[in-house]
There are 4 protein chains.
Amino acid sequence: MGHNRCVSVGLVGLGRLGRQHADNLAFRIPNCRLAAVCSINPEEVEEAQAQLGVPYGYTDYEEMLRNKELDAIFIASPSSYHCDQIEKALAAGFHVFSEKPLGLYMEEALRVQEAVRRHPDQVFMLGFMRRYDRSYVYAKRKIEAGAIGEPVLIRCYGIDPAQAMPGFLQFAKSNYSGGLFLDMAIHDLDLARWYLGAEAERVWAIGGSHRYTELAQLQDAETGAALVQFAGNKMGMFVAGRNCAHGYHIETEIIGTLGTLRIGTVPEKNQVAIMDDRGVVRECANGFLERFEQAYLDEAIDFVRAILDGRQPEVKVEDGVLSTALGYACKESFETGQLVEVSTPAALCSPHKAR
Amino acid sequence: MGHNRCVSVGLVGLGRLGRQHADNLAFRIPNCRLAAVCSINPEEVEEAQAQLGVPYGYTDYEEMLRNKELDAIFIASPSSYHCDQIEKALAAGFHVFSEKPLGLYMEEALRVQEAVRRHPDQVFMLGFMRRYDRSYVYAKRKIEAGAIGEPVLIRCYGIDPAQAMPGFLQFAKSNYSGGLFLDMAIHDLDLARWYLGAEAERVWAIGGSHRYTELAQLQDAETGAALVQFAGNKMGMFVAGRNCAHGYHIETEIIGTLGTLRIGTVPEKNQVAIMDDRGVVRECANGFLERFEQAYLDEAIDFVRAILDGRQPEVKVEDGVLSTALGYACKESFETGQLVEVSTPAALCSPHKAR
Amino acid sequence: MGHNRCVSVGLVGLGRLGRQHADNLAFRIPNCRLAAVCSINPEEVEEAQAQLGVPYGYTDYEEMLRNKELDAIFIASPSSYHCDQIEKALAAGFHVFSEKPLGLYMEEALRVQEAVRRHPDQVFMLGFMRRYDRSYVYAKRKIEAGAIGEPVLIRCYGIDPAQAMPGFLQFAKSNYSGGLFLDMAIHDLDLARWYLGAEAERVWAIGGSHRYTELAQLQDAETGAALVQFAGNKMGMFVAGRNCAHGYHIETEIIGTLGTLRIGTVPEKNQVAIMDDRGVVRECANGFLERFEQAYLDEAIDFVRAILDGRQPEVKVEDGVLSTALGYACKESFETGQLVEVSTPAALCSPHKAR
Amino acid sequence: MGHNRCVSVGLVGLGRLGRQHADNLAFRIPNCRLAAVCSINPEEVEEAQAQLGVPYGYTDYEEMLRNKELDAIFIASPSSYHCDQIEKALAAGFHVFSEKPLGLYMEEALRVQEAVRRHPDQVFMLGFMRRYDRSYVYAKRKIEAGAIGEPVLIRCYGIDPAQAMPGFLQFAKSNYSGGLFLDMAIHDLDLARWYLGAEAERVWAIGGSHRYTELAQLQDAETGAALVQFAGNKMGMFVAGRNCAHGYHIETEIIGTLGTLRIGTVPEKNQVAIMDDRGVVRECANGFLERFEQAYLDEAIDFVRAILDGRQPEVKVEDGVLSTALGYACKESFETGQLVEVSTPAALCSPHKAR
């Protein structure tokens, strides 16, 4: 606030999450203007333009990049496009926000890192929105204030609602999702690094498919568990899954030497409790858009402010690279059954040193 | 513990609660022996004798009172017998425990008070078991330790499970229950006096029967609410009912000048939470025997200890009388629609002064 | 969304809540433009204009009303100005949103009602924001869907944080707040009418000042309790207060014939639980701006949409009048100690019939 | 109940837990008589005899075994004595209850198993009391009834209160505790097998000592985490520790294909919530005697009934052996840093086949 400048944003990707970003960018972000939308689906483009009053519409991403009115590109396209679109937008001189992941393969993540490092004056931000969720932010501040002493163990659950499984199975038959640990656990792996203040060293990951056994044929798991040893004998426990009966279960616990914090133990939908012949019932959030609505908004606000303030956001490309490296180690461990050392290639120096 | 003496108890009443008391007295009370059982139903007597190893069985209460081996009489018979049985047991020289209420009418409560006062060397205890429930005891100690400052408002819910309604309707057609406020709220009225440390002055009570409208014809209510002004501008809010969908809802809240205590907000059955397509579900206790199992046991332990220690228990007959007087004021207010002054006849001096 | 028109709003009042409204109107409301701000304090006006990019600034309300660019007036000034400012804005042809209350006296509420009725083509909306809170909206929908059968009893707590007491005492020495029931309970009285679908008939209200005894000298109470009989033997229990140790306690419970809903039992700040040597701790919201942030936003969104759609919002002026009438009845009962009939002057026909 | 016979029990070990068992056996177990107590500390023996009215007292265990009035021996002595005392009691013809563990070393556990198998007509029971806790029993029944489909992942927390740490450090300097996984996690390892209905195959365990670093010198950890792969791709996650700030944290979660059960998420002390300037606080249980009071009682009741009924209890010696084998695998993994196969020696056939 207090800025007179306005950031013009072009958004690519108008799926469910893309459309949510579009609504936010159009109406709810101070000093921001949604000036262009892009999708390979022309109907999505037209609808967004009409409903949100967006002047420019594209079905060709590179054409949008030639629009000189734009200041920043917001990438919410399918994961397989991220790496390429980030590189091109940076090369064209734009500030870039990209949804996670940096790419579907480790090499893509490293390519993005290189591109970002080549353009230090452009803002780059990765959509680890949980770091903007109020409860997660509050927990971080509490830890920094010493409320639980030194964090030594983190437990993260990230389980998608069972009702989304049929859609996922349909998608997974013809697309590469990255598998449970890369696709679902990546936010948790980032959170673990953030809260523990340490990098992963070794991991063992296991999993199974007991209800939807076709997942096993896709080399994937319905429910997986990983144990990670972090530097300094810190510990991480992760449950990732796609078969949560009660909704979208995102829960994080940080155990410290003097106390423990839990976020989202009951993944409640709202503040209503229903008491009826079943007992006392708390209904649950049914997906990421519902649970993280505020975080999706606040990350975009911070992206715009970072551009106006001429600073980089707190979530750095290295966070994406290191979380991806850990996700790949989980995936390898799950697939081989072995304990896996988390490789940190020379390129992956810590984000603190990186800048 | 540490006593060598053993208290021999004769129990009258072998209904559901009576039988629970019998099991406790037979097996779970140190220095106590269940020596006799009495019921107008000879089968109940035989069964209890056989299963619990009780030497004496009676179908005639006065005959039991002639058994010189007994030290104490435990009364768990229907409410309409309480007053008479208490008087006779005291006259025969026994220590007496009686389930609530002291009687169905105010005069009966006063008659019992007179009888108790005539036998100051015999232990008399009224079954306000909630005062022995660990959570209620803990709350009392916290308040005495200043945790919430001065208690100024109490809210009490006492709502029977809806599933018990058909049985109650059957009972109420041919019996006088005392009505919602005397039958259901009496424990709460006692708790209010206990926690606030003050006596009631005025009450307004209202109610309605929206699901089981036949209750209105019995001059009773399915759900009732009372607001009571206590001495010193303290306040009591009471909800009594018989139509709780989720189980047996006993909840108490004490608001003080520096904090608030709540007991039983979720009337949980146990520590299990079920997460399924309904959300996060806490199942609830389904009745007083389940909720107050520990309290029923501990009140009997205290009764036996009081006898062995030669002292009176903390719950005094005056507590029964004053709670009954308040219950009657609620009932009168509900029936007349008017604000009612809580009468405290001369006989009702405070329990503190009484002894 | 989908509208091309944009509503230009002029806001009067730039206190804490006014400033929150200003931020919302400036940045977060689709099809809305904050075109003017007004306050008797010129510094507040300048600051808001600078930070929010507002073209027009006024220290004179009537001057703002002469601005022909404006479509609507948003009133967030002190309560004593509401009635007059509403009348003038309506007379000048504007759509009007006003913070509660309609006025400090019953006659003011009725004057506003008359004014609104004289301008049926202008949108008028009263800031009963709780009706826009997601949890409250969800509860309403659940009830309409039959989740708890017929609502028969509502319990509402509205207790301000103790830490705000010193500021309130300062204010109350030289201002008329309306007293606990009108100032604090008015939202709850509206909610009771909304959820029960019935109007109040009789009330008894009591209260006391045990920590801040100076409140008694102001004819006010620190903590108050009211029992209200609604049509059809429905019941309402209200606790209003200004001395909540743990934060801002807004809790609502609706008991129906088949179930119960509770909103905000733990007035939690966020989804973080802290486990340390105190036990498991949930920190609480500390005021209305924190608890109802989303509701303040959504009510403004609905106001703007109602203007664009040419319809009246769901909260009608009659809701304000009837809630105020009930609040006055509570106040009278508290002051006289008597049971009070809730007067419904001829002017107060039901909102359903009103339009 | 209904038995006329009475089981005479001799108890060895009068430490904190031993004394709790003594109180239960003396007063709260139907058809049971505490006839003898034994401790190397003659004062403990005298005190227990006097307070509980126990006729026989011993400081020599073998002397107690020569008492022909006894039917059963209850072992609550230090862990290092268990194996030997069990063997001797079985050899002397007694029914035997032993606190966990079967022994401090795997060979001891196997020796006990052999001894038990040599005396199939004597009741042998191991004190896995959690299987008798009402919440755990309820969860088991729910699972058997299909409430969560097929159990696929279990998460168990077993963390001792930090306030017990100084005592433990004192003890551990001169005694072998077995280490975190054998000493603390053994109950959880048994529960995992019980709920999953599967045996462990592989484990990786890690841990650290961040507050009490002297634990590292004892080859032990303050907080440890283990991930276990069970047959059928089922998963177990375990946190064991001795540094819980908020009390005694025992929590168990079972994730199934159709739902999830959680037991003890908030390890609450009782049903009281305290609301004060800290927020809403639930105080926690501070140790095993408080948390599992009911379970300690009910396991003893079942032991006595099993003797009277001439049957073996549900918890079999093989459960102890298999849980111990898994505990040793955790310990080995923690000490070597490697993934460890859980050995199941030929002697360890499954309990289902064993009888």
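The values are calculated or read from the model by the stated rules, or taken from the named source; none is laboratory data. What you see is a predicted model; the values in this text were computed from it and never measured. Heads up, the Cβs are rebuilt from the backbone with ideal geometry, glycines too, and the neighbour counts pull from every protein chain shown. Just the protein is used for accessible areas: all its heavy atoms, side chains included, with ligands, DNA and RNA removed. Shrake-Rupley method; radii C 1.70, N 1.55, O 1.52, S 1.80 Å.
Worth a mention:
- Solvent-accessible area buried by pairing C with D, both sides, nearest 100 square angstrom, 1.4 angstrom probe: 1100 Å²
- When a 1.4 Å probe is rolled over the protein heavy atoms, the share of accessible surface on chain D that falls to carbon and sulfur comes to 48 percent.
- Nearest-0.05 FRET efficiency for B:ARG117 and D:LYS68, computed from C-beta distance (R0 56 Å): 0.55
- Helix A:42-52 axis, angle to chain A major axis (alpha carbon atoms, nearest 10°): 80 degrees
- Ordered by solvent-accessible area of protein heavy atoms (1.4 Å probe), largest first, the residues B:LEU191, B:LEU218 come out as B:LEU218, B:LEU191.
- Cleavage-rule hits (trypsin sites (Lys or Arg not before Pro)) in the stretch D:1-77: DSSP loop, at most 10 neighbouring Cβ within 10 angstrom: D:ARG5, D:ARG66, D:LYS68
- Global form of chain D, assessed from the alpha-carbon gyration tensor, a/c cut-off 1.5: rounded
- Nm distances between copies for D:ASP60, ranked from closest, using label points 7 Å along Cα→Cβ: 5.9, 10.3, 11.1
- Note on chain C: with a GNM built from Cα contacts shorter than 10 Å, the maximum mean-square fluctuation among C:GLY236, C:GLY93, C:GLY167 falls on C:GLY167.
- Exceeding the 23 Å Cα-Cα cut-off - candidates A:LYS269/C:LYS142; B:LYS88/B:LYS331; D:LYS234/D:LYS269; B:LYS68/B:LYS100; A:LYS331/D:LYS234; C:LYS173/C:LYS316: B:LYS88/B:LYS331; D:LYS234/D:LYS269; B:LYS68/B:LYS100; C:LYS173/C:LYS316
- Per residue, the accessible area of the protein assembly as shown comes to 35 Å² when a 1.4 Å probe rolls over the protein heavy atoms.
- A DSSP coil position with no more than 15 other Cβ atoms inside 10 Å describes the following GluC sites (Glu not before Pro) in the stretch C:62-103: C:GLU69.
- Farthest positive-ward along chain C dipole, Cα basis, beta-carbon charges - from C:ALA285, C:THR252, C:SER39: C:THR252
- Per the rotation superposing chains C and D, the chain C residue found at the smallest beta carbon distance from the axis is C:VAL281, 3, distance in Å.
- Each stretch of four or more DSSP H residues adds -39500 (n - 2.57); spread over every residue of chain B, this sum gives -11000 deg cm²/dmol at 222 nm.
- Counting only DSSP beta bridges with both residues in chain C, the antiparallel share comes to about 55 percent.
- Counting only Cβ charges, +1 for Lys and Arg and -1 for Asp and Glu, the dipole size of chain C around its Cα centre is about 860 debye.
- If R0 equals 51 Å, the separation of the Cβ atoms of A:ARG141 and A:SER80 corresponds to a calculated FRET efficiency of about 0.90.
- With label points defined 7 Å past Cα in the direction of Cβ, position C:SER80 shows copy-to-copy spacings of 6.6, 7.0, 8.2 nm, given to one decimal and shortest first.
- For the stretch A:251-269, a drop of 30 Å² or more in accessible area on going from the chain alone to the assembled protein chains (1.4 Å probe) is found at A:ILE255, A:THR257, A:LEU258, A:THR260, A:LEU261, A:ARG262, A:THR265, A:GLU268.
- In a simple Cβ point-charge model (Lys, Arg +1; Asp, Glu -1; nothing else charged), the stretch C:72-178 has a dipole of about 340 debye relative to its Cα centre.
- Shape category assigned to the stretch B:134-230 from the gyration tensor of Cα positions, a/c cut at 1.5: prolate
- With contacts taken as Cα pairs under 8 Å at a separation of at least 6 residues, chain D carries a relative contact order of 19 percent.
- Only protein heavy atoms count here; under a 1.4 Å probe, C:MET184 has an accessible surface of about 20 Å².
- Ordering B:TRP194, B:TRP204 by accessible surface, largest first, gives B:TRP194, B:TRP204; the 1.4 Å probe counts only protein heavy atoms, with every chain in place.
- Pair D:ASN175, C:GLN294: separation of 7 Å Cα→Cβ label points (nm): 5.2 nm
- Computed from Cα positions, the angle between helix C:317-336 and the longest principal axis of chain C comes to roughly 40 degrees.
- Solvent-accessible area of C:TYR138, all protein chains in place: 40 Å² (probe radius 1.4 Å, heavy atoms, ligands and nucleic acids excluded).
- Across the identical copies, the 7 Å label point of C:ASN175, projected outward along Cα→Cβ, sits 5.5, 5.9, 6.6 nm from its counterparts, in ascending order.
- Shape call, the protein assembly as shown: gyration tensor on alpha carbons, a/c limit 1.5: oblate
- Once the Cα atoms are used to define both axes, helix B:134-144 deviates from the longest principal axis of chain B by about 70 degrees.
- Measuring between their Cα centroids, the stretch A:238-271 and the stretch D:190-268 lie 16 Å from each other.
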